[in-house]
Amino acid sequence: MSTLNDAKGEIQRADHLLFVTLKYTRTIDVMKSVIARLANAYDNAIIHALEVLKKKKKFKQIPLTPVSRAELLRDLYKKDIIILDAMNTYFFLRKVAKAEYTKKEEFRKNVTLTVMHNEEVIEVNIKVLEEYYNKTKEFIDYINEKFK
């Protein structure tokens, strides 16, 4: 299925942005691009899982919006901790990608993207971004194994 390959492609692009481009530029724009790529990878993996489930007649139609697709997958796998955690991360990444943000120490070692999320200040630095990247990669591998 091409959607799983699309997800893997997004991960590769995020990998390059995170470990090569960001290393030299240290800009918020690159960080936001990594976050957007990770969210796209989640969305493509979710579509892949739903396509497999649709073929097994678990539901009739794949929703058109990314949020409703993720909610459908979450509802179908309420007891699967990995999918539930991944959906929470996905919703969070989408919110961070669209939120108003401020820059801190741009072009320096400790470049930080700061956003407001649920009345809470969240700071995303390179280390946190790597954690999101690793979570996304694990989710794609999990979807690859679970929905062949």
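The values are calculated or read from the model by the stated rules, or taken from the named source; none is laboratory data. The model shown is predicted, which means the values in this text are computed figures rather than measured ones. Cβ placement follows ideal geometry from the backbone for every residue including glycine, while neighbour counts extend to all protein chains displayed.
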Report summary line: In region 1-37, anything in contact with a helix residue (DSSP H, G or I) (Cβ under 8 Å, 6 or more places away or on another chain) and under 19 Å from E145 (Cα atoms) is listed as M1, T3, L4, D6, A7, K8, E10, I11
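Matching residues to (1) over 20 Å from F107 (Cα atoms); (2) modelled with pLDDT of 95 or more; (3) of a type in the set (F, W, Y):
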position	(1), (2), (3)
L18	no, no, no
L22	no, no, no
A39	yes, yes, no
E51	yes, no, no
K56	yes, no, no
R74	yes, no, no
K78	yes, no, no
Report task. Please determine, by comparing only the residues of region 125-148 that are surrounded by 12 or more Cβ atoms within 10 Å (Cβ to Cβ) and of a type in the set (K, R), which one is farthest from the chain's Cα centre (by Cα). Result -> K146
Report task. Would you check which residues across region 107-136 are of a type in the set (D, E) and touching a helix residue (DSSP H, G or I) at 6+ places or on another chain (Cβ under 6 Å) and list them? Result -> none
Query - Single match in K103, K55, K95 (criterion: over 24 Å from T3 (Cβ atoms), surrounded by fewer than 19 Cβ atoms within 10 Å (Cβ to Cβ) and not β-branched (V, I, T)) - result: K103
Query raised in the report: Being touching a residue at least 40 places away in the same chain (Cβ under 8 Å) and among the β-branched types (V, I, T), is that true of even one residue in region 51-69?
Result: yes
Query raised in the report: Taking the condition in a loop (DSSP other than H, G, I, E, B) and at pLDDT below 95, does K103 pass?
Result: no
Query raised in the report: Just for region 19-54: of the residues that are in a helix (DSSP H, G or I) and among the basic types (K, R), which one is nearest to T114 (Cα to Cα)?
Result: K32
Report summary line: Screening T102, T65 for residues that are touching a strand residue (DSSP E or B) at 6+ places or on another chain (Cβ under 7 Å) and over 17 Å from E130 (Cβ atoms) leaves only T102
Requested in this report: Please state which of the following conditions H16 fails to meet, knowing it meets all the rest: (1) without any contact (Cβ under 8 Å) to a residue 40 or more places away in the chain; (2) within 28 Å of T114 (Cβ to Cβ); (3) crowded, with 16+ Cβ neighbours inside 10 Å.
Outcome: (3)
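Select, from N88, N144, N134, N110, the only residue that is under 20 Å from T21 (Cα atoms) and either of a type in the set (V, I, T) or part of a helix (DSSP H, G or I) (or both). It would help to see each step written out before you state the result.
Numbers: N88 fails: under 20 Å from T21 (Cα atoms); N144 fails: under 20 Å from T21 (Cα atoms); N110 fails: either of a type in the set (V, I, T) or part of a helix (DSSP H, G or I) (or both).
Testing whether each residue is under 20 Å from T21 (Cα atoms) and either of a type in the set (V, I, T) or part of a helix (DSSP H, G or I) (or both) leaves just N134.
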Report task. Test I122 against the criterion of being out of contact with any Leu (no Cβ under 8 Å at 6 or more places or on another chain), surrounded by 15 or more Cβ atoms within 10 Å (Cβ to Cβ) and farther than 29 Å from K57 by Cα, and give yes or no. Result -> yes
